[in-house]
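Chemist: Please read through the structure below; I'll follow up with questions.
The values are calculated or read from the model by the stated rules, or taken from the named source; none is laboratory data. Just so we're clear, the structure is a prediction, and the values are computed from it rather than from any experiment. Using ideal geometry, Cβ is built from the backbone for each residue, glycine included, and neighbour counts are taken over all protein chains shown.
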Amino acid sequence: MALAWRTFSRYDAPIYTDEGCESFINFISSQTLHKAFLLGRYRMFVAKDDDEIVGIGSFREQNHISLLFVDDKYHGCGIGRALIMCMEDYLFRRRVLPLDNEDDKILDVLYERADENYISVFAAPNAEDFYKKMGFYRLADEDTSDGITYIPMIKREKEGE
């Protein structure tokens, strides 16, 4: 979550109100989110350069991108694109990811992925162009909740994939 906060602080915080920044830090540091990750209700995808985490992406509700952040030193290197492609592969093709232990295997069964044919995201206004390049399109106009401004977007699985 440190990577998410650093990236948010640099790129998103300047366009949000104090309420929005406080909402975001409360979200990423909450015990509820931590427990959701431990229980397998959120799936986390990580990009690494050697041992350093340089990008993260996560789903909530099986197919909604909750977090997608890339370390600013790695912007423009294709990390965000690779994370989205990995997440699509996981969701659309039902690829089984390597699991570290028996508890993870049990959790994977308990929180089985939904049979959805789309990925949704509430994109930050400054991330809309990135998501458009990845094949997402707007579902509605920009909105604000708890000080966080977002654009509801969706990408549907292509037929035959």
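Chemist: With the structure loaded, tell me whether Tyr42 is modelled with pLDDT of 90 or more, on the phi < 0 side of the Ramachandran plot and not charged (D, E, K, R) or whether it fails that test. Write out each step before concluding.
Modeler: Values: modelled with pLDDT of 90 or more: no; on the phi < 0 side of the Ramachandran plot: yes; not charged (D, E, K, R): yes.
Answer is no for this residue.
Chemist: Another one. Just one of Ala13, Ala36 is under 24 Å from Ile119 (Cβ atoms) and of a type in the set (Gly, Ala, Ser); which is it? Steps first, please.
Modeler: Details: Ala13 fails: under 24 Å from Ile119 (Cβ atoms).
The match here is Ala36.
Chemist: Exactly one condition in (1) part of a loop (DSSP other than H, G, I, E, B); (2) free of Cβ contacts under 8 Å to residues at least 24 places away in the same chain is false for Phe27; which is it?
Modeler: Against the list (1) part of a loop (DSSP other than H, G, I, E, B); (2) free of Cβ contacts under 8 Å to residues at least 24 places away in the same chain, Phe27 comes up short only on (1).
Yes/no matrix, rows are residues, columns are (1) in a helix (DSSP H, G or I); (2) touching a strand residue (DSSP E or B) at 6+ places or on another chain (Cβ under 9 Å); (3) surrounded by fewer than 12 Cβ atoms within 10 Å (Cβ to Cβ); (4) modelled with pLDDT under 90:
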residue	(1), (2), (3), (4)
Arg6	yes, yes, no, no
Gly20	yes, yes, no, no
His34	yes, no, no, yes
Ala47	no, yes, no, no
Gly55	no, yes, no, no
Gln62	no, yes, no, yes
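Chemist: Also: Restricted to region 127-155, and to residues that are among the charged types (D, E, K, R) and in a loop (DSSP other than H, G, I, E, B), which residue is farthest from Leu91 (Cα to Cα)? If you could, list the steps in order and put the result at the bottom.
Modeler: Filtering region 127-155 down to residues among the charged types (D, E, K, R) leaves 128-129, 132-133, 138, 141-143, 146, 155.
Next, only the ones that are in a loop (DSSP other than H, G, I, E, B) stay: 141-142, 146.
Numbers: Asp141: 26, Glu142: 26, Asp146: 29 Å.
Looking at the filtered set, the residue picked out is Asp146.
Chemist: Are there any pairs with C-beta distances below 6 angstrom linking a residue in region 120-144 that is within 12 Å of Ile154 (Cα to Cα) to a residue that is among the hydroxyl-bearing types (Ser, Thr, Tyr), with the two at least 6 apart or on different chains, and if so which?
Modeler: Hits for this filter: Phe122/Tyr150; Ala123/Tyr131.
Chemist: Just to verify a result, which residue in region 8-18, among those that are in a helix (DSSP H, G or I) and hydroxyl-bearing (Ser, Thr, Tyr), is surrounded by the most Cβ atoms within 10 Å (Cβ to Cβ)?
Modeler: Step one: of region 8-18, the residues in a helix (DSSP H, G or I) are 8-15, 18.
Adding the requirement that they be hydroxyl-bearing (Ser, Thr, Tyr) leaves 9, 11.
Working: Ser9: 13, Tyr11: 16.
Checked region 8-18; the qualifying residue surrounded by the most Cβ atoms within 10 Å (Cβ to Cβ) is Tyr11.
Chemist: Now, a different point. Arg60 is checked against (1) more than 23 Å from Gly78 (Cβ to Cβ); (2) touching a residue at least 60 places away in the same chain (Cβ under 8 Å); (3) among the basic types (Lys, Arg) and fails just one. What number does that condition carry?
Modeler: Answer for Arg60: the failing condition is (2).
Chemist: Quick one: which of Asp89, Asp18, Asp51, Asp72 is within 20 Å of Gly135 (Cα to Cα) and acidic (Asp, Glu)?
Modeler: On the way: Asp18 fails: within 20 Å of Gly135 (Cα to Cα); Asp51 fails: within 20 Å of Gly135 (Cα to Cα); Asp72 fails: within 20 Å of Gly135 (Cα to Cα).
That would be Asp89, the only listed residue that is within 20 Å of Gly135 (Cα to Cα) and acidic (Asp, Glu).
Chemist: Right, here's the next one. Filter region 112-141 down to residues that are modelled with pLDDT of 90 or more, surrounded by 14 or more Cβ atoms within 10 Å (Cβ to Cβ) and of a type in the set (D, E, K, R), then give me how many there are.
Modeler: 3
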